[in-house]
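This report concerns only the one structure given below.
The values are calculated or read from the model by the stated rules, or taken from the named source; none is laboratory data. Owing to the predicted nature of the structure, the values given are computational and were not obtained by experimental measurement. Heads up, the Cβs are rebuilt from the backbone with ideal geometry, glycines too, and the neighbour counts pull from every protein chain shown. Side chains are part of the model used for accessible areas, which takes the heavy atoms of the whole protein and leaves out ligands, DNA and RNA. Shrake-Rupley method; radii C 1.70, N 1.55, O 1.52, S 1.80 Å.
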Amino acid sequence: MIHIDLSNTRQFLQANYISARSSRLKVAHEHLQKGNGAGSDFTGWVHLPTDYDREEFARIKKAATKIQSDSQALVVIGIGGSYLGARGVIECLCSPNYNLKKKNTPNIYFIGNGLSSEQLSETIELLDGVDFSVNVISKSGTTTEPAVAFRFFRRMLEEKYGKNEAAKRIYATTDREKGALKSLANENGYETFVVPDDVGGRYSVLTAVGLLPIAVAGIDIDELMNGAAAMQKTCTVDDMASNPAWRYAAARYELYHSGKRIEILAAYEPSFRFMAEWWKQLYGESEGKENKGLFPASVEFTADLHSMGQYIQQGERHIFESVVRFGASKDENPVPYDEVNGDGLNFLAGKSMDFIATQAMDGTLLAHVEGGVPNIIMRVGQKNAFTLGEMIYFFEYACGLSGYLLDVNPFDQPGVEAYKTNMFALLGKPGYEEMRAELLKKLNT
Ligand code: PA5
(Lines give C-alpha, C1' and ligand atoms only; values in the text may rest on other atoms or scores of the structure.)
Protein backbone atom coordinates (compact mmCIF):
# COMPACT_ATOMS: atom_id res chain seq x y z
CA MET A 1 0.00 0.00 0.00
CA ILE A 2 1.23 3.49 -0.80
CA HIS A 3 0.55 6.22 1.69
CA ILE A 4 0.52 9.84 0.54
CA ASP A 5 1.26 12.23 3.38
CA LEU A 6 0.19 15.76 2.50
CA SER A 7 0.79 17.34 5.89
CA ASN A 8 3.80 19.26 4.60
CA THR A 9 1.87 20.85 1.76
CA ARG A 10 -1.03 22.21 3.82
CA GLN A 11 0.55 25.46 4.91
CA PHE A 12 1.05 26.33 1.21
CA LEU A 13 -2.50 25.58 0.08
CA GLN A 14 -6.01 26.71 0.84
CA ALA A 15 -7.65 24.60 3.53
CA ASN A 16 -10.61 23.47 1.44
CA TYR A 17 -8.83 22.60 -1.80
CA ILE A 18 -9.53 18.88 -1.55
CA SER A 19 -13.29 19.26 -1.36
CA ALA A 20 -13.15 22.06 -3.94
CA ARG A 21 -11.41 19.79 -6.44
CA SER A 22 -13.13 16.51 -5.76
CA SER A 23 -15.88 16.92 -8.37
CA ARG A 24 -13.25 17.45 -11.11
CA LEU A 25 -11.31 14.48 -9.82
CA LYS A 26 -14.46 12.39 -10.00
CA VAL A 27 -14.87 13.30 -13.66
CA ALA A 28 -11.20 12.52 -14.40
CA HIS A 29 -11.56 9.22 -12.55
CA GLU A 30 -14.63 8.28 -14.59
CA HIS A 31 -12.80 9.12 -17.80
CA LEU A 32 -10.13 6.59 -16.84
CA GLN A 33 -12.45 3.91 -15.48
CA LYS A 34 -14.92 4.10 -18.36
CA GLY A 35 -12.44 5.04 -21.08
CA ASN A 36 -14.47 8.02 -22.26
CA GLY A 37 -12.06 10.96 -21.93
CA ALA A 38 -9.58 12.53 -24.36
CA GLY A 39 -7.21 9.91 -25.78
CA SER A 40 -9.42 7.09 -24.48
CA ASP A 41 -8.09 4.79 -27.22
CA PHE A 42 -4.94 4.60 -25.13
CA THR A 43 -6.34 3.66 -21.75
CA GLY A 44 -5.77 -0.09 -22.07
CA TRP A 45 -3.21 0.13 -19.24
CA VAL A 46 -6.00 0.97 -16.73
CA HIS A 47 -7.22 -2.63 -16.63
CA LEU A 48 -4.00 -4.28 -17.77
CA PRO A 49 -2.82 -5.74 -14.42
CA THR A 50 -5.95 -7.91 -14.25
CA ASP A 51 -6.77 -8.15 -17.92
CA TYR A 52 -3.68 -9.21 -19.86
CA ASP A 53 -2.87 -11.91 -22.37
CA ARG A 54 -2.09 -14.95 -20.17
CA GLU A 55 -0.77 -16.97 -23.11
CA GLU A 56 1.71 -14.23 -24.01
CA PHE A 57 2.67 -13.82 -20.35
CA ALA A 58 3.60 -17.52 -20.25
CA ARG A 59 5.62 -17.09 -23.47
CA ILE A 60 7.49 -14.16 -21.93
CA LYS A 61 8.53 -16.38 -19.03
CA LYS A 62 9.53 -19.18 -21.38
CA ALA A 63 11.59 -16.83 -23.54
CA ALA A 64 13.25 -15.40 -20.41
CA THR A 65 14.21 -18.90 -19.29
CA LYS A 66 15.65 -19.69 -22.73
CA ILE A 67 17.66 -16.45 -22.78
CA GLN A 68 18.93 -17.19 -19.27
CA SER A 69 20.07 -20.62 -20.41
CA ASP A 70 21.70 -19.77 -23.76
CA SER A 71 22.95 -16.21 -23.26
CA GLN A 72 25.44 -14.48 -21.03
CA ALA A 73 24.02 -11.13 -22.10
CA LEU A 74 20.77 -9.64 -23.36
CA VAL A 75 20.92 -6.53 -25.52
CA VAL A 76 17.75 -4.51 -25.00
CA ILE A 77 17.16 -2.08 -27.85
CA GLY A 78 14.53 0.62 -27.35
CA ILE A 79 14.00 4.27 -26.42
CA GLY A 80 11.61 6.31 -24.27
CA GLY A 81 8.63 4.25 -23.21
CA SER A 82 10.21 1.23 -24.89
CA TYR A 83 13.18 1.35 -22.54
CA LEU A 84 12.93 3.39 -19.34
CA GLY A 85 10.47 1.21 -17.41
CA ALA A 86 12.50 -1.98 -17.82
CA ARG A 87 15.71 -0.23 -16.85
CA GLY A 88 13.98 1.47 -13.91
CA VAL A 89 12.65 -1.78 -12.49
CA ILE A 90 15.85 -3.77 -13.07
CA GLU A 91 18.08 -1.13 -11.48
CA CYS A 92 15.69 -0.55 -8.61
CA LEU A 93 15.32 -4.22 -7.70
CA CYS A 94 18.66 -5.68 -8.84
CA SER A 95 20.95 -2.62 -8.47
CA PRO A 96 22.48 -0.14 -10.92
CA ASN A 97 25.53 -2.44 -10.64
CA TYR A 98 23.50 -5.45 -11.80
CA ASN A 99 25.95 -6.26 -14.61
CA LEU A 100 28.90 -6.23 -12.22
CA LYS A 101 27.31 -8.54 -9.66
CA LYS A 102 27.85 -12.29 -9.28
CA LYS A 103 24.62 -13.84 -10.56
CA ASN A 104 23.17 -16.63 -12.63
CA THR A 105 21.22 -14.35 -14.97
CA PRO A 106 22.57 -12.60 -18.09
CA ASN A 107 24.07 -9.13 -18.13
CA ILE A 108 21.68 -6.62 -19.64
CA TYR A 109 22.87 -3.87 -21.97
CA PHE A 110 20.47 -1.10 -22.96
CA ILE A 111 21.16 0.47 -26.33
CA GLY A 112 19.25 2.29 -29.07
CA ASN A 113 18.21 4.89 -26.49
CA GLY A 114 20.27 7.62 -28.16
CA LEU A 115 22.64 8.16 -31.05
CA SER A 116 25.99 7.96 -29.32
CA SER A 117 28.65 6.30 -31.43
CA GLU A 118 30.79 5.88 -28.33
CA GLN A 119 28.07 4.01 -26.45
CA LEU A 120 27.48 1.78 -29.46
CA SER A 121 31.18 0.86 -29.80
CA GLU A 122 31.44 0.19 -26.09
CA THR A 123 28.46 -2.19 -26.11
CA ILE A 124 29.85 -4.03 -29.14
CA GLU A 125 33.19 -4.34 -27.33
CA LEU A 126 31.52 -5.67 -24.17
CA LEU A 127 29.87 -8.41 -26.24
CA ASP A 128 33.14 -9.69 -27.65
CA GLY A 129 33.28 -13.45 -27.02
CA VAL A 130 29.93 -13.38 -25.21
CA ASP A 131 26.88 -15.47 -26.09
CA PHE A 132 24.03 -13.02 -26.36
CA SER A 133 20.44 -12.45 -27.46
CA VAL A 134 18.61 -9.30 -28.52
CA ASN A 135 15.25 -7.93 -27.47
CA VAL A 136 14.35 -5.14 -29.89
CA ILE A 137 11.42 -3.07 -28.68
CA SER A 138 9.53 -0.49 -30.71
CA LYS A 139 5.78 -0.03 -30.78
CA SER A 140 5.83 1.88 -34.04
CA GLY A 141 8.65 -0.27 -35.37
CA THR A 142 10.05 2.76 -37.14
CA THR A 143 11.84 4.81 -34.47
CA THR A 144 15.25 5.81 -35.81
CA GLU A 145 17.43 5.28 -32.73
CA PRO A 146 16.46 1.65 -32.00
CA ALA A 147 16.16 0.80 -35.72
CA VAL A 148 19.74 1.95 -36.35
CA ALA A 149 21.05 0.08 -33.30
CA PHE A 150 19.20 -3.08 -34.33
CA ARG A 151 21.06 -3.11 -37.67
CA PHE A 152 24.37 -3.37 -35.82
CA PHE A 153 23.36 -6.08 -33.36
CA ARG A 154 21.41 -8.13 -35.88
CA ARG A 155 24.47 -8.16 -38.10
CA MET A 156 26.65 -9.12 -35.14
CA LEU A 157 24.36 -12.01 -34.26
CA GLU A 158 24.18 -13.20 -37.86
CA GLU A 159 27.97 -13.11 -38.22
CA LYS A 160 28.42 -14.97 -34.95
CA TYR A 161 25.73 -17.64 -35.23
CA GLY A 162 24.56 -17.64 -38.87
CA LYS A 163 21.18 -16.31 -40.01
CA ASN A 164 19.04 -19.17 -38.71
CA GLU A 165 20.51 -19.40 -35.23
CA ALA A 166 20.59 -15.59 -34.98
CA ALA A 167 16.86 -15.50 -35.68
CA LYS A 168 16.31 -17.74 -32.65
CA ARG A 169 18.13 -15.22 -30.49
CA ILE A 170 16.12 -12.18 -31.59
CA TYR A 171 12.92 -11.27 -29.76
CA ALA A 172 10.89 -8.42 -31.23
CA THR A 173 8.37 -6.51 -29.11
CA THR A 174 6.23 -4.40 -31.40
CA ASP A 175 2.80 -3.76 -32.87
CA ARG A 176 0.57 -6.78 -33.43
CA GLU A 177 0.37 -6.19 -37.20
CA LYS A 178 2.12 -3.18 -38.62
CA GLY A 179 5.47 -1.43 -38.82
CA ALA A 180 8.90 -2.21 -40.25
CA LEU A 181 9.95 -4.24 -37.22
CA LYS A 182 6.88 -6.48 -37.45
CA SER A 183 7.62 -7.07 -41.15
CA LEU A 184 11.26 -7.90 -40.40
CA ALA A 185 10.19 -10.28 -37.66
CA ASN A 186 7.73 -12.03 -39.95
CA GLU A 187 10.27 -12.34 -42.75
CA ASN A 188 12.99 -13.72 -40.51
CA GLY A 189 10.94 -15.75 -38.05
CA TYR A 190 11.79 -13.87 -34.86
CA GLU A 191 9.64 -14.58 -31.83
CA THR A 192 7.38 -11.57 -31.34
CA PHE A 193 5.59 -10.01 -28.41
CA VAL A 194 2.87 -7.42 -28.67
CA VAL A 195 2.59 -3.84 -27.52
CA PRO A 196 -1.20 -3.59 -27.26
CA ASP A 197 -2.83 -0.99 -29.52
CA ASP A 198 -4.48 0.71 -26.57
CA VAL A 199 -1.32 1.10 -24.47
CA GLY A 200 1.02 4.00 -25.29
CA GLY A 201 4.80 3.68 -24.89
CA ARG A 202 5.15 5.43 -21.54
CA TYR A 203 2.34 3.32 -20.02
CA SER A 204 3.72 0.04 -21.39
CA VAL A 205 6.14 -1.22 -18.74
CA LEU A 206 3.70 -3.90 -17.58
CA THR A 207 3.40 -5.34 -21.11
CA ALA A 208 6.07 -7.43 -22.86
CA VAL A 209 7.94 -4.13 -23.37
CA GLY A 210 9.07 -4.17 -19.76
CA LEU A 211 8.27 -7.71 -18.70
CA LEU A 212 10.68 -9.64 -20.92
CA PRO A 213 13.89 -7.82 -19.90
CA ILE A 214 12.66 -7.68 -16.30
CA ALA A 215 12.04 -11.45 -16.27
CA VAL A 216 15.46 -12.11 -17.84
CA ALA A 217 17.01 -10.24 -14.91
CA GLY A 218 15.39 -12.82 -12.62
CA ILE A 219 12.67 -10.56 -11.20
CA ASP A 220 9.37 -12.23 -10.31
CA ILE A 221 6.99 -10.72 -12.89
CA ASP A 222 3.98 -12.42 -11.28
CA GLU A 223 4.67 -10.42 -8.14
CA LEU A 224 5.11 -7.24 -10.17
CA MET A 225 1.69 -7.81 -11.75
CA ASN A 226 0.17 -8.76 -8.38
CA GLY A 227 1.34 -5.47 -6.92
CA ALA A 228 -0.04 -3.56 -9.90
CA ALA A 229 -3.34 -5.45 -9.63
CA ALA A 230 -3.63 -4.58 -5.93
CA MET A 231 -3.09 -0.92 -6.76
CA GLN A 232 -5.53 -1.13 -9.67
CA LYS A 233 -8.17 -2.19 -7.15
CA THR A 234 -7.23 0.58 -4.72
CA CYS A 235 -7.43 3.14 -7.50
CA THR A 236 -11.02 2.19 -8.39
CA VAL A 237 -12.20 3.80 -5.15
CA ASP A 238 -13.54 7.29 -5.84
CA ASP A 239 -12.59 8.72 -2.52
CA MET A 240 -9.78 11.05 -1.55
CA ALA A 241 -9.07 9.41 1.79
CA SER A 242 -8.35 5.93 0.46
CA ASN A 243 -7.19 6.47 -3.12
CA PRO A 244 -3.51 7.52 -3.03
CA ALA A 245 -3.55 8.50 -6.72
CA TRP A 246 -6.37 10.98 -6.02
CA ARG A 247 -4.42 12.51 -3.14
CA TYR A 248 -1.25 12.86 -5.16
CA ALA A 249 -3.00 14.21 -8.28
CA ALA A 250 -5.06 16.71 -6.26
CA ALA A 251 -2.09 18.02 -4.30
CA ARG A 252 0.27 18.45 -7.27
CA TYR A 253 -2.50 20.12 -9.32
CA GLU A 254 -3.20 22.54 -6.49
CA LEU A 255 0.48 23.28 -6.04
CA TYR A 256 0.72 24.00 -9.77
CA HIS A 257 -2.16 26.42 -9.43
CA SER A 258 -0.51 28.10 -6.47
CA GLY A 259 2.45 29.00 -8.72
CA LYS A 260 4.75 26.01 -8.38
CA ARG A 261 6.13 25.15 -11.77
CA ILE A 262 8.59 22.35 -11.07
CA GLU A 263 8.00 19.06 -9.31
CA ILE A 264 11.15 17.40 -8.03
CA LEU A 265 10.88 13.67 -7.43
CA ALA A 266 13.35 12.83 -4.68
CA ALA A 267 14.45 9.45 -3.35
CA TYR A 268 17.14 8.40 -0.93
CA GLU A 269 18.05 5.28 -2.94
CA PRO A 270 20.50 5.60 -5.87
CA SER A 271 18.87 2.49 -7.33
CA PHE A 272 15.72 4.58 -7.88
CA ARG A 273 17.43 6.78 -10.48
CA PHE A 274 15.93 5.14 -13.56
CA MET A 275 12.51 4.82 -11.98
CA ALA A 276 12.71 8.61 -11.69
CA GLU A 277 13.73 8.82 -15.36
CA TRP A 278 10.67 6.68 -16.21
CA TRP A 279 8.49 8.95 -14.05
CA LYS A 280 9.86 12.06 -15.79
CA GLN A 281 8.87 10.73 -19.20
CA LEU A 282 5.47 9.62 -17.91
CA TYR A 283 4.58 13.02 -16.49
CA GLY A 284 6.52 15.22 -18.92
CA GLU A 285 5.01 13.63 -22.02
CA SER A 286 1.53 13.33 -20.55
CA GLU A 287 1.16 16.84 -19.15
CA GLY A 288 3.58 19.08 -21.01
CA LYS A 289 1.43 20.41 -23.81
CA GLU A 290 -0.74 23.41 -24.75
CA ASN A 291 1.74 25.58 -22.80
CA LYS A 292 0.78 23.82 -19.57
CA GLY A 293 2.24 21.31 -17.16
CA LEU A 294 4.62 20.94 -14.26
CA PHE A 295 8.23 20.41 -15.28
CA PRO A 296 9.26 17.03 -13.84
CA ALA A 297 12.76 16.93 -12.37
CA SER A 298 14.48 14.44 -10.10
CA VAL A 299 17.20 14.29 -7.46
CA GLU A 300 19.04 11.56 -5.58
CA PHE A 301 19.40 12.31 -1.91
CA THR A 302 21.54 12.66 0.03
CA ALA A 303 24.07 12.97 -2.84
CA ASP A 304 22.23 15.86 -4.49
CA LEU A 305 21.80 17.71 -1.21
CA HIS A 306 25.47 18.53 -1.83
CA SER A 307 24.77 19.88 -5.31
CA MET A 308 21.12 20.86 -5.78
CA GLY A 309 20.42 21.33 -2.06
CA GLN A 310 21.40 25.00 -2.13
CA TYR A 311 18.94 25.81 -4.90
CA ILE A 312 16.15 23.81 -3.32
CA GLN A 313 16.67 25.56 0.01
CA GLN A 314 17.05 29.13 -1.22
CA GLY A 315 16.58 29.44 -4.99
CA GLU A 316 13.46 30.61 -6.80
CA ARG A 317 10.34 29.42 -4.95
CA HIS A 318 8.64 27.75 -7.88
CA ILE A 319 9.34 24.17 -6.81
CA PHE A 320 7.87 21.44 -4.68
CA GLU A 321 9.20 18.02 -3.82
CA SER A 322 7.58 14.61 -3.96
CA VAL A 323 9.70 12.36 -1.80
CA VAL A 324 9.68 8.57 -2.14
CA ARG A 325 10.35 6.86 1.17
CA PHE A 326 11.03 3.14 1.16
CA GLY A 327 10.59 0.88 4.19
CA ALA A 328 13.47 -0.79 6.03
CA SER A 329 16.47 -1.99 4.00
CA LYS A 330 17.38 -5.65 4.09
CA ASP A 331 20.78 -4.99 5.72
CA GLU A 332 21.20 -2.99 8.91
CA ASN A 333 24.87 -2.05 8.43
CA PRO A 334 25.49 -0.64 11.92
CA VAL A 335 28.28 1.94 12.07
CA PRO A 336 31.44 0.34 13.56
CA TYR A 337 32.79 1.50 16.95
CA ASP A 338 36.30 2.96 16.75
CA GLU A 339 38.62 3.00 19.81
CA VAL A 340 40.46 6.12 18.69
CA ASN A 341 37.37 8.02 17.50
CA GLY A 342 39.55 10.32 15.40
CA ASP A 343 36.56 11.27 13.26
CA GLY A 344 34.35 11.91 16.31
CA LEU A 345 31.69 9.57 14.98
CA ASN A 346 31.36 7.22 17.95
CA PHE A 347 28.03 8.85 18.80
CA LEU A 348 26.75 6.96 15.75
CA ALA A 349 28.40 3.64 16.62
CA GLY A 350 25.88 0.79 16.48
CA LYS A 351 23.29 2.92 14.67
CA SER A 352 22.05 1.43 11.38
CA MET A 353 22.46 3.20 8.04
CA ASP A 354 18.65 3.31 7.80
CA PHE A 355 18.50 5.15 11.13
CA ILE A 356 21.00 7.74 9.93
CA ALA A 357 19.19 8.10 6.60
CA THR A 358 15.86 8.63 8.37
CA GLN A 359 17.31 11.49 10.40
CA ALA A 360 18.68 12.96 7.16
CA MET A 361 15.22 12.63 5.55
CA ASP A 362 13.47 14.27 8.50
CA GLY A 363 16.09 17.01 8.79
CA THR A 364 15.84 17.73 5.06
CA LEU A 365 12.05 17.74 5.17
CA LEU A 366 11.98 20.29 7.99
CA ALA A 367 14.60 22.48 6.31
CA HIS A 368 13.01 22.45 2.86
CA VAL A 369 9.48 23.09 4.11
CA GLU A 370 10.82 25.92 6.27
CA GLY A 371 12.56 27.23 3.15
CA GLY A 372 9.24 27.41 1.29
CA VAL A 373 9.27 24.08 -0.55
CA PRO A 374 6.09 22.02 -0.07
CA ASN A 375 6.76 18.31 0.36
CA ILE A 376 4.52 15.42 -0.65
CA ILE A 377 5.76 12.31 1.17
CA MET A 378 5.15 8.95 -0.49
CA ARG A 379 5.60 5.97 1.83
CA VAL A 380 5.88 3.02 -0.49
CA GLY A 381 6.91 0.06 1.68
CA GLN A 382 9.91 -2.20 1.26
CA LYS A 383 11.59 -2.34 -2.11
CA ASN A 384 10.41 -5.52 -3.86
CA ALA A 385 8.61 -6.64 -7.03
CA PHE A 386 5.16 -6.30 -5.43
CA THR A 387 5.65 -2.76 -4.13
CA LEU A 388 7.24 -1.68 -7.39
CA GLY A 389 4.22 -3.02 -9.28
CA GLU A 390 2.01 -0.99 -6.94
CA MET A 391 4.13 2.09 -7.50
CA ILE A 392 4.11 1.80 -11.29
CA TYR A 393 0.32 1.58 -11.42
CA PHE A 394 -0.07 4.34 -8.83
CA PHE A 395 2.09 6.75 -10.83
CA GLU A 396 0.32 5.86 -14.08
CA TYR A 397 -3.13 6.32 -12.60
CA ALA A 398 -2.24 9.60 -10.92
CA CYS A 399 -0.72 10.75 -14.21
CA GLY A 400 -3.93 10.03 -16.13
CA LEU A 401 -5.93 11.91 -13.49
CA SER A 402 -3.45 14.80 -13.56
CA GLY A 403 -3.70 15.16 -17.34
CA TYR A 404 -7.47 15.32 -17.19
CA LEU A 405 -7.38 17.81 -14.31
CA LEU A 406 -5.13 19.97 -16.46
CA ASP A 407 -7.54 19.59 -19.36
CA VAL A 408 -5.04 18.03 -21.74
CA ASN A 409 -4.98 14.65 -23.47
CA PRO A 410 -2.60 12.66 -21.24
CA PHE A 411 -2.06 9.99 -23.87
CA ASP A 412 -0.72 11.79 -26.92
CA GLN A 413 2.70 13.31 -27.58
CA PRO A 414 2.38 15.52 -30.68
CA GLY A 415 5.44 17.57 -29.71
CA VAL A 416 7.82 14.63 -30.01
CA GLU A 417 7.42 14.63 -33.79
CA ALA A 418 9.00 18.07 -34.34
CA TYR A 419 12.62 16.98 -33.88
CA LYS A 420 12.03 13.74 -35.78
CA THR A 421 10.84 15.46 -38.96
CA ASN A 422 13.74 17.93 -38.82
CA MET A 423 16.19 15.07 -38.30
CA PHE A 424 14.75 13.06 -41.21
CA ALA A 425 14.97 16.11 -43.47
CA LEU A 426 18.56 16.84 -42.45
CA LEU A 427 19.52 13.18 -42.91
CA GLY A 428 18.17 13.32 -46.46
CA LYS A 429 15.31 10.86 -46.01
CA PRO A 430 13.39 10.51 -49.29
CA GLY A 431 10.27 12.69 -49.31
CA TYR A 432 11.75 15.44 -47.12
CA GLU A 433 13.71 17.30 -49.89
CA GLU A 434 11.88 20.63 -49.70
CA MET A 435 12.03 20.79 -45.95
CA ARG A 436 15.73 19.92 -46.03
CA ALA A 437 16.49 22.91 -48.23
CA GLU A 438 14.59 25.23 -45.87
CA LEU A 439 16.30 23.86 -42.77
CA LEU A 440 19.76 24.10 -44.31
CA LYS A 441 19.07 27.72 -45.16
CA LYS A 442 18.07 28.40 -41.55
CA LEU A 443 21.13 26.64 -40.19
CA ASN A 444 23.46 28.60 -42.43
CA THR A 445 22.11 32.06 -41.59
O1 PA5 B 1 5.81 7.24 -24.85
C2 PA5 B 1 6.01 7.23 -26.05
O3 PA5 B 1 5.11 7.07 -26.86
C4 PA5 B 1 7.41 7.39 -26.61
O5 PA5 B 1 8.36 7.66 -25.66
C6 PA5 B 1 7.83 6.12 -27.29
O7 PA5 B 1 7.80 5.09 -26.36
C8 PA5 B 1 9.22 6.23 -27.89
O9 PA5 B 1 9.27 7.30 -28.77
C10 PA5 B 1 9.58 4.96 -28.62
O11 PA5 B 1 8.64 4.69 -29.59
P12 PA5 B 1 8.54 3.27 -30.27
O13 PA5 B 1 8.23 2.28 -29.22
O14 PA5 B 1 7.47 3.41 -31.28
O15 PA5 B 1 9.90 3.01 -30.89
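Here are the numbers for this structure:
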read-out	value
Ordering of 165-177, 20-32 by packing [mean C-beta count within 10 Å, highest first]	165-177, 20-32
Per residue value of the accessible surface for the range 402-445 (all protein chains in place, 1.4 Å probe), Å²	66 Å²
Distance between modelled label sites at residue 362 and residue 379, nm, 7 Å Cα→Cβ extension	1.3 nm
Carbon plus sulfur fraction of accessible area for the range 364-406, probe 1.4 Å, in percent	56 percent
Percent accessible area from carbon and sulfur atoms, the range 60-141, protein chains only, probe 1.4 Å	49 percent
Exposure rank, largest accessible area first [365, 345; 1.4 Å]	345, 365
Apportionment of accessible area to carbon and sulfur, the range 154-298, percent (1.4 Å)	45 percent
Contact order normalised by residue count of the chain, Cα under 8 Å, 6+ apart, percent	23 percent
Cα-Cα separations in the chain greater than 31 Å, expressed as whole percent	46 percent
Solvent-accessible heavy-atom area per residue, rounded to whole Å², over the range 225-352 at 1.4 Å	47 Å²
Gaussian network model of the chain, springs between alpha carbon atoms under 10 Å - residue of 96, 213, 430 with greatest fluctuation	430
Spacing of the two label points (7 Å from each Cα toward its C-beta) at residue 144 and residue 318, in nm	3.0 nm
Cross-link reach list, aspartates and glutamates versus residue 351, counting only Cα pairs under 15 Å and skipping chain neighbours closer than eight places	331, 332, 338
Highest-fluctuation residue, 113, 341, 186 considered, GNM on the chain with Cα pairs under 10 Å	341
Rounded FRET efficiency, nearest 0.05, which uses the C-beta distance separating residue 102 from residue 1 and R0 of 30 Å	0.35
For the chain, built as a Gaussian network whose Cα springs stay under 10 Å, the top-fluctuating residue of 106, 336, 270	336
Accessible solvent surface per residue of the range 46-121, calculated while the other protein chains remain in place, 1.4 angstrom probe, Å²	46 Å²
Aspartates and glutamates whose Cα lies under 15 Å from that of residue 289, excluding same-chain neighbours fewer than 8 positions away	407, 412, 417
Span from the the range 274-349 Cα centroid across to the the range 28-87 one, whole angstrom	28 Å
Estimated inter-spin distance, residue 176 and residue 262, nm [label 7 Å along Cα→Cβ]	4.3 nm
Top positive-direction residue, dipole computed over the range 1-49 with Cβ charges, set 35, 19, 4	19
